[in-house]
Amino acid sequence: MAAGRVLTGFSLPYVAKYAASGATVTYSNGMRLARGVSVTIEAEAEDDNIFYADNISAESAPGIFTSGTATLTVDGLKLAAERLIMGLSAADTAGFVHYGEDLQIPYVGIGFIARYMEDGVASFVPYILTKARFVTPGVTVQTATETIDWQTQELTATLLRDDTSNHDWKLVGEEQTSEAAAEAKIKTFLSIT
């Protein structure tokens, strides 16, 4: 039996609008964000708090999560997903969606699946980033050449602690035997039907 497991994939990123009433958090309007290419999560934490006695460090309290960043690379956002994560209104009569001063980017929950391999057996782990806010994405588009230059979109979200009594920022689900089972866990948590 292997001593560990190897990370072998990332898939099915979902988002849902975040709301809190006291310590009760709810999610709504959830949907697939796009097709997932990669995700990078960077957490920031306070410095450890060390107590010194007898001229040595006698106790230490670890620094807690203060904020973080998630960078998701996807194939490209569909307009409905972009509207959700950016808080955009419907298109105007000319067919344009406006990014302007009245833009109010909402908090969202983000879910995705990490695939692992251990002793030749794949497992699928659902992840939830409980409270995040996307940064307005930039755009990079390149001209076509003789061969297809596959282009992706990079999305950055600021990660925060949620309003539950635990003040969670990330949840990691139990290993599932199929991607569909892990996806069902994400959809249930984010209230996606």
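The values are calculated or read from the model by the stated rules, or taken from the named source; none is laboratory data. Keep in mind it's a predicted model, so treat the numbers as computed, not measured. A quick note on method: Cβ atoms are made from the backbone with ideal geometry, for glycine too, and the neighbour counts reach across all protein chains shown. Please note that ligands, DNA and RNA were not included when accessible areas were found on the heavy atoms of the full protein model with its side chains. Shrake-Rupley method; radii C 1.70, N 1.55, O 1.52, S 1.80 Å.
Would you tally the residues in the range 181-190 being open to solvent by 70 Å² or more (accessible area, probe 1.4 Å) and not β-branched (Val, Ile, Thr)? Even if it seems obvious, please write down each step before you answer.
The initial filter retains those residues of the range 181-190 that are open to solvent by 70 Å² or more (accessible area, probe 1.4 Å), namely 185, 188-189.
Now restrict to residues that are not β-branched (Val, Ile, Thr): 185, 189.
Residues meeting the conditions: 2.
Looking at (1) in contact with a Pro (Cβ under 8 Å, 6 or more places away or on another chain); (2) at pLDDT 85 or above, find the lone condition where ASP75 falls short.
Against the list (1) in contact with a Pro (Cβ under 8 Å, 6 or more places away or on another chain); (2) at pLDDT 85 or above, ASP75 comes up short only on (1).
Which residue pairs have Cβ atoms under 6 Å apart, sit 6 or more places apart or on different chains, and have a first residue in the range 154-167 that is in contact (Cβ under 8 Å) with a residue 12 or more places away in the chain and under 29 Å from ARG35 (Cβ atoms) and a second that is open to solvent by 60 Å² or more (accessible area, probe 1.4 Å) and part of a strand (DSSP E or B)?
THR158/ARG133
If we scan the range 169-179, do we find a residue that is within 13 Å of TYR14 (Cβ to Cβ), modelled with pLDDT of 95 or more, surrounded by fewer than 14 Cβ atoms within 10 Å (Cβ to Cβ) and of a type in the set (Ser, Thr, Tyr)?
Checked against the condition, which is being within 13 Å of TYR14 (Cβ to Cβ), modelled with pLDDT of 95 or more, surrounded by fewer than 14 Cβ atoms within 10 Å (Cβ to Cβ) and of a type in the set (Ser, Thr, Tyr), the range 169-179 yields no hits at all.
Give me the pairs, please: first residue somewhere in the range 66-81 and within 13 Å of LEU155 (Cβ to Cβ), second residue anywhere and of a type in the set (Asp, Glu) and open to solvent by 30 Å² or more (accessible area, probe 1.4 Å), beta-carbon distance under 6 Å, and either six or more positions apart or on two chains.
Pairs that qualify, where the first residue is within 13 Å of LEU155 (Cβ to Cβ) and the partner is of a type in the set (Asp, Glu) and open to solvent by 30 Å² or more (accessible area, probe 1.4 Å), are THR69/GLU42; THR73/GLU154.
If you go through the range 105-112 one residue at a time, do you hit one that is at pLDDT below 95 and either open to solvent by 80 Å² or more (accessible area, probe 1.4 Å) or among the hydroxyl-bearing types (Ser, Thr, Tyr) (or both)?
Scanning the range 105-112 turns up no residue that is at pLDDT below 95 and either open to solvent by 80 Å² or more (accessible area, probe 1.4 Å) or among the hydroxyl-bearing types (Ser, Thr, Tyr) (or both).
Among what's in the range 134-167 and is modelled with pLDDT of 95 or more and of a type in the set (Asp, Glu), pick the residue that is most open to solvent (accessible area, probe 1.4 Å).
Once the filter is applied, the top-ranked residue is ASP163.
Please go through the range 113-127 and give me each residue that is within 17 Å of ASP162 (Cβ to Cβ) and surrounded by 23 or more Cβ atoms within 10 Å (Cβ to Cβ), ordered by number.
Going through the range 113-127, the residues within 17 Å of ASP162 (Cβ to Cβ) turn out to be 126-127.
Scanning the range 113-127 gives a single hit, PRO126.
I'm checking my understanding of the structure. Among residues of the range 79-95 that are modelled with pLDDT of 85 or more and not aliphatic (A, V, I, L, M), which one is nearest to the chain's Cα centre (by Cα)?
Top of the filtered list is GLU82.
Out of (1) of a type outside the set (D, E, K, R); (2) free of Cβ contacts under 8 Å to residues at least 40 places away in the same chain; (3) farther than 30 Å from SER165 by Cβ, what's the single condition that is false for ILE50?
Result: ILE50 passes all but (3).
Can you give me the ranges of the strands (runs of 3 or more DSSP E) entirely in the range 18-102 with at least 3 residues that are open to solvent by less than 40 Å² (accessible area, probe 1.4 Å) and touching a Lys or Arg at 6+ places or on another chain (Cβ under 9 Å)?
Working: elements: 24-32, 36-45, 49-53, 56-61, 65-74.
Result: 24-32, 65-74.
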